[in-house]
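The values are calculated or read from the model by the stated rules, or taken from the named source; none is laboratory data. Everything numeric here is computed off the predicted structure, so don't read it as measured data. All Cβ positions, glycine included, derive from the backbone under ideal geometry; neighbour counts span all protein chains shown. With ligands, DNA and RNA removed, areas are computed over all heavy atoms of the protein, side chains included. Shrake-Rupley method; radii C 1.70, N 1.55, O 1.52, S 1.80 Å.
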Amino acid sequence: MKFFLDTANLAEIEEAASWGVLAGVTTNPTLYAREGGKLADFHSHLQRICALTDGPVSGETVGLVRDEIVREGIELAALAPNIIVKIPVMPEGLAATKTLFERGIKVNMTLCFTVPQALLAARAGAAYVSPFVGRFDDISEDGIEHLANTVTALSNYDFGHDIEVIAASVRSANHVTQAALMGCDIATVPFKVLKNLVKHPLTDRGLESFLADWEKVKNS
Ligand code: G3P
């Protein structure tokens, strides 16, 4: 499983990249707004993110009609070689994805909640599909079960192009564990979750006792 960071925060991306584990970044309009992002700075902000990782960086479109989405997608793709155009699953989004696919531009279809949505994204030429996990849990449904269904359904077919599943809306280490056990390609996680993935109380306790014992060695 590869790890993407789900953030538009440059410091978080820089820190995760320094750990040597960062394979890409996903952003969305909410994450950019959370950074106090201005419309005029959107493209340059994405370029700054692209400079921090060689991996794919998803920048999302906000248009609701295909021509507008395609135009935004072409502009985004021109920002850096590692930009992925992120487009919500909807009829106009599928049409735009098909056009961008035919132009050789990679698309990540987002806001994916069902198997049919993922299959349609794949058929439209999406290079990535992003099923949301945590938002199902928020409404008392099992987000992991939905993710597993999507991973299984997509693996049943050859779409004639590469497609990777990004577990999105990931809230916990258990989400990551379950996604990895089912063979999900990528988990995109908030920085807070990434930090939690490294931690375990037994690791902390073990380190503490190793260091305490090393003090005895040093003082012997
Ligand atoms: O970037 C899409 C997704 O990961 C958002 O997650 O936490 O807003 O449901 P969340």
- Query: What residues qualify as long-range amide H neighbours of GLY24, i.e. H under 5 Å apart, gap of 5 or more or another chain, H built at 1.01 Å from N?
  - Reply: LEU5
- Query: Once amide H atoms are placed 1.01 Å from N in the peptide plane, what residues at a sequence separation of 5 or more from ALA167, or on another chain, have their amide H within under 5 Å of its amide H?
  - Reply: ILE186, ALA187, THR188
- Query: Can you give the relative contact order of segment 79-148 as a percent, counting alpha carbon pairs under 8 Å and 6+ residues apart?
  - Reply: 27 percent
- Query: Which percent of the accessible heavy-atom area of the chain goes to carbon and sulfur, probe 1.4 angstrom?
  - Reply: 55 percent
- Query: How large is the helix-only mean residue ellipticity at 222 nm for the chain, computed as the sum of -39500 (n - 2.57) over DSSP H runs with n ≥ 4, divided by its residue count, in deg cm²/dmol to the nearest 500?
  - Reply: -15000 deg cm²/dmol
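Per residue, how much accessible area does segment 10-117 show when a 1.4 Å probe rolls over the protein heavy atoms, in square angstrom?
Working: 5240 Å² over 108 residues.
Dividing the accessible area of segment 10-117 by its residue count gives 49 Å².
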- How do the peptides 98-108, 117-127 rank, highest first, by the average count of neighbouring beta carbon atoms within 10 Å per residue? 117-127, 98-108
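Express the accessible area of segment 174-220 per residue in Å², computed with a 1.4 Å probe while the remaining protein chains stay in the model.
72 Å²
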- Query: For segment 64-90 and segment 104-150, what is the separation of their C-alpha centers, rounded to whole Å?
  - Reply: 18 Å
